[in-house]
Amino acid sequence: MLPRPNESHDLSRPDTRPPFAKPPLAAGHLTDRGLDPPEKLPTITVGRPSRHPSIFKSRLAHTDPAAGHGDLVRLVLKDGEPFGFGIYNPRAEIAVRRLTTGTDVPDSRWWRSKLEEAVSLRTTLLGLGDTDAIRLVHGEGDGLPGLVVDKYANVLVAEVFSLGLWQRRRSVLELLAEMTGAEHLVARPGPRTEAQEGFVAEADVTDGCPHDLKIAEHGVRYAIDPAGGHKTGFFCDQRDNRALVGRHAAGRDVLDLCCYTGGFALNAAAGGAKSVTAVDLDEHAVAAAKQNAKLNRRPGLKVVHADAFNYLRDVLAAEKRYGLIVLDPPKLIGSQHESESGKRTYADLNRLAMKLLAPGGLLLTCSCSGLLSPDEFKTIVARSVPGDRTARVLAVHGAAPDHPVATDTPETHYLKAIWMSFSS
């Protein structure tokens, strides 16, 4: 069933932050505390252990009263057996983010080793040489829960999801800058982190950091704002899928829904698409997409400021059809209470888009909701195929390989990308 005209689907990328459950921490709690721990560490007893690095408050059996906001703590089980070390925040439901499972205390040497390992994975093993936009640290995927860091040309941009990592942001980024030759540093709290972690902070930006940085990927150029754009300013995770869109776009009418800064649309245009239309509800994204079209000398790329559902209904009524459609909406499930509404929105969006594909058309449909498993998303998409259409799944992809998935943290496989063909 398609969404009714008065049914609301929020596909925006809100700039506002959720309200605080408690008054925020004083600014004195947010200064950089370095990476070397004190000699004596508080001890926390874990009553219900698991392999997952996020330890919720309900799983703790006893907390040392000396444990403070952002402290490195020693973890033990009820029988006294060592359970590793983690960073503690008494305000958060995720009370401890475990860093190690061993008995060695994580100090500055440990942090340097983890960061060197992360950088080596990208530069040596993966050999990401076709872009100057790379994810260097992917949270739990690199054993550093609560932190992601992207490198754009000579700028490092960190998105920080925990109080303890915010307190160590400069020290971590300065180590990464030493390893990579980056000249500018940006750190900002994640969009929901302030309410979840109990602190308020503005972006931490080094002097002289550019707000109009030019990067390149697959021969396509982008202008990004590392200090002010959405998330870290760009989406490195879709690198491989953008290239595939470019390869399959030749001669097709292409529709890029929820286009953000126009990555898929620009690759389609570079790949020889017959026509390209990019749609987004965020006026800042629309302006950026237009700027990128101009930067790449693509005057024929049409950028539309519109709600995706309204646009799709209007196109359906006009009997327009497309040879390739890309659906890459923002995260629709940010918490468990949003699960059912998010699933309905994914289903409605996919079903409507599928009606607009010409015979022989291709669909790339994506979800970046980490709380939605790959199997659940595949089921939603399969059930969304209209009864009068014949569809096949060609491939199922995830994020680019510089976004490694941690085996003990399923939600690090957050990006799902399904390629489908429609024969009728």
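Summary table below
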item	result
Looking only at region 132-147, and only at residues there that are at positive phi and either out of contact with any Gly (no Cβ under 7 Å at 6 or more places or on another chain) or assigned to a loop (DSSP other than H, G, I, E, B) (or both), the one that is surrounded by the most Cβ atoms within 10 Å (Cβ to Cβ)	G146
The listed residue being over 23 Å from the mean Cα position of the chain (by Cα) and at pLDDT below 95, out of K355, K320	K320
Subset tally (residues that are in contact with a Phe, Trp or Tyr (Cβ under 9 Å, 6 or more places away or on another chain), outside any strand (DSSP E or B) and closer than 30 Å to G181 by Cα) for region 72-109	3
Spans of strands (runs of 3 or more DSSP E) in region 178-277 with at least 1 residues over 17 Å from the mean Cα position of the chain (by Cα), among the hydrophobic types (A, V, I, L, M, F, W, C) and surrounded by fewer than 21 Cβ atoms within 10 Å (Cβ to Cβ)	213-217, 220-224
Hits in region 366-379 - residues which are within 29 Å of Q196 (Cα to Cα) and open to solvent by 10 Å² or more (accessible area, probe 1.4 Å)	C368, G370, L371, S373, P374, D375, E376
Criterion violated by T407 - all others in (1) in a helix (DSSP H, G or I); (2) among the polar types (S, T, N, Q); (3) open to solvent by 20 Å² or more (accessible area, probe 1.4 Å) satisfied	(1)
Scan of region 337-360 for residues that are in a helix (DSSP H, G or I) and open to solvent by 10 Å² or more (accessible area, probe 1.4 Å), ordered by number	H337, E338, S339, E340, S341, K343, R344, T345, A347, D348, R351
Complete set of residues in region 195-222 that are among the hydrophobic types (A, V, I, L, M, F, W, C) and in contact with an Asp or Glu (Cβ under 7 Å, 6 or more places away or on another chain)	V200, I215, A216
Any hit, region 148-164, residues being open to solvent by 40 Å² or more (accessible area, probe 1.4 Å), charged (D, E, K, R) and more than 21 Å from the chain's Cα centre (by Cα)	no
Candidates L357, L316, L324, L301, filtered to the one that is without any contact (Cβ under 8 Å) to a residue 40 or more places away in the chain and among the hydrophobic types (A, V, I, L, M, F, W, C)	L301
Every pair of residues 6+ apart whose Cβ atoms lie under 8 Å, when the first sits in region 165-192 and is within 18 Å of G233 (Cα to Cα) while the second is open to solvent by 20 Å² or more (accessible area, probe 1.4 Å) and among the hydroxyl-bearing types (S, T, Y)	H184/T206; L185/T206; V186/T206
Cβ-Cβ under 7 Å pairs, at least 6 apart or on other chains, region 47-58 side assigned to a loop (DSSP other than H, G, I, E, B), far side aliphatic (A, V, I, L, M)	G47/L60; G47/A61; P49/L77
Restricting region 304-313 to residues that are farther than 28 Å from D212 by Cβ and either free of Cβ contacts under 8 Å to residues at least 24 places away in the same chain or touching a strand residue (DSSP E or B) at 6+ places or on another chain (Cβ under 6 Å) (or both), the residue that is surrounded by the fewest Cβ atoms within 10 Å (Cβ to Cβ)	N310
Residues satisfying the stated conditions in region 370-404, i.e. assigned to a loop (DSSP other than H, G, I, E, B) and among the hydroxyl-bearing types (S, T, Y)	S373, S384, T390
The lone exception for V405 - which of (1) under 18 Å from the mean Cα position of the chain (by Cα); (2) over 30 Å from T131 (Cα atoms) it fails	(2)
Residue among R74, R91, R13 that alone is surrounded by 15 or more Cβ atoms within 10 Å (Cβ to Cβ), modelled with pLDDT under 95 and within 25 Å of A406 (Cβ to Cβ)	R91
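For every residue, the table says whether it meets (1) surrounded by 22 or more Cβ atoms within 10 Å (Cβ to Cβ); (2) modelled with pLDDT under 95; (3) under 23 Å from L255 (Cβ atoms).
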{"position": "K331", "(1), (2), (3)": "no, yes, yes"}
{"position": "S335", "(1), (2), (3)": "no, yes, no"}
{"position": "L364", "(1), (2), (3)": "yes, no, yes"}
{"position": "R392", "(1), (2), (3)": "no, no, yes"}
{"position": "K416", "(1), (2), (3)": "yes, no, yes"}
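The values are calculated or read from the model by the stated rules, or taken from the named source; none is laboratory data. Just so we're clear, the structure is a prediction, and the values are computed from it rather than from any experiment. Note that we place each Cβ from the backbone using ideal geometry, even for glycine, and neighbour counts take in every protein chain shown. When the accessible area is computed, the model is the full protein with side chains, heavy atoms only, and any ligands, DNA or RNA have been set aside. Shrake-Rupley method; radii C 1.70, N 1.55, O 1.52, S 1.80 Å.
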